[in-house]
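Step one of this worksheet: look at the structure below.
The values are calculated or read from the model by the stated rules, or taken from the named source; none is laboratory data. The structure presented is a predicted model; accordingly, all values stated were derived computationally and were not measured. All Cβ positions, even for glycine, are placed from backbone atoms using ideal geometry, and neighbour counts span all protein chains on display.
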Amino acid sequence: MATRRSTPMMEAIRELYTAMGRFDQAAAQSLELHITDLHCVDLVQSSPRSGIAIASALGLSPSAVTTVLDRLEARGFIERRASKADRRQIEVHLTRSGHRRAQRAYQELGKRISKLEQTQTSSQRARSVEALHQIGKACSEAAVAVEEL
């Protein structure tokens with residue numbers, strides 16, 4: 001069987017994946033959260049989401065997400081609210097305290113990314129963002145393919 005040579009892009013992606021995993025572990029530890037709980041907090045930082053949307057984004061079953069949400073709610077990170085659009089639906093919101101704690105954990109990463117962005121022209125930033133979106137899409141597609149094995 002022939003061995004596939006790793007390309008510079010694959011090496012850079014591996015390096016990024018490892019660094020992101022290390023950061024996630026450090027952030028989860030600083031917040032005293034499970035890594036999956038941290039990912040859930042990260043998802044709802046920008047806007048509320050339904051439990052089903054969280055389950056889909058994290059690749060978890062609805063019952064597993066319920067367990068995550070129960071832990072986060074008990075720790076004061078999130079609250080469940082009836083949706084304004086459909087009161088039968090529940091949305092997950094970060095609490096003020098949850099938002100403040102998450103911001104503190106992500107602040108160092110944000111500073112470093114902002115500093116990197118300042119070294120790039122607007123077209124370089126646009127290309128970087130597009131490349132990251134394409135890599136994310138490739139990872140998601142690969143996950144689906146592997147799940148079907």
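Tabulated results
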read-out: Selection status of residue 15, in contact with a strand residue (DSSP E or B) (Cβ under 9 Å, 6 or more places away or on another chain) and either more than 24 Å from residue 92 (Cβ to Cβ) or of a type outside the set (Val, Ile, Thr) (or both); value: no
read-out: The one condition in (1) assigned by TED's automatic domain parsing to the domain that holds residue 80; (2) in contact (Cβ under 8 Å) with a residue 60 or more places away in the chain; (3) over 14 Å from the mean Cα position of the chain (by Cα); (4) farther than 16 Å from residue 108 by Cα that residue 41 fails to fulfil; value: (3)
read-out: Selected residue (criterion: surrounded by the most Cβ atoms within 10 Å (Cβ to Cβ)) from residues of the stretch 36-52 that are assigned to a helix (DSSP H, G or I) and small (Gly, Ala, Ser); value: 51
read-out: Residue 76 being of a type outside the set (Phe, Trp, Tyr) and on the phi > 0 side of the Ramachandran plot; value: yes
read-out: Residues satisfying the stated conditions in the stretch 3-22, i.e. assigned to a helix (DSSP H, G or I) and of a type in the set (Val, Ile, Thr); value: 13, 18
read-out: Flag if residue 33 is assigned to a helix (DSSP H, G or I), more than 27 Å from residue 142 (Cα to Cα), touching a residue at least 24 places away in the same chain (Cβ under 8 Å) and not basic (Lys, Arg); value: no
read-out: Cβ pairs under 8 Å, 6+ apart, first in the stretch 58-82 and farther than 29 Å from residue 139 by Cα, second at pLDDT below 95 and aliphatic (A, V, I, L, M); value: 80/90; 81/90; 82/90
read-out: Residue list for the stretch 86-100, restricted to those being without any contact (Cβ under 8 Å) to a residue 24 or more places away in the chain and under 19 Å from residue 55 (Cβ atoms); value: 86, 88
read-out: Of all residues in the stretch 101-137 being under 17 Å from the mean Cα position of the chain (by Cα), closer than 23 Å to residue 26 by Cβ and not aliphatic (A, V, I, L, M), the one that is surrounded by the most Cβ atoms within 10 Å (Cβ to Cβ); value: 101
read-out: Residue 58 being assigned by TED's automatic domain parsing to the domain that holds residue 77, touching a Cys at 6+ places or on another chain (Cβ under 7 Å) and either at negative phi or of a type in the set (D, E, K, R) (or both); value: yes
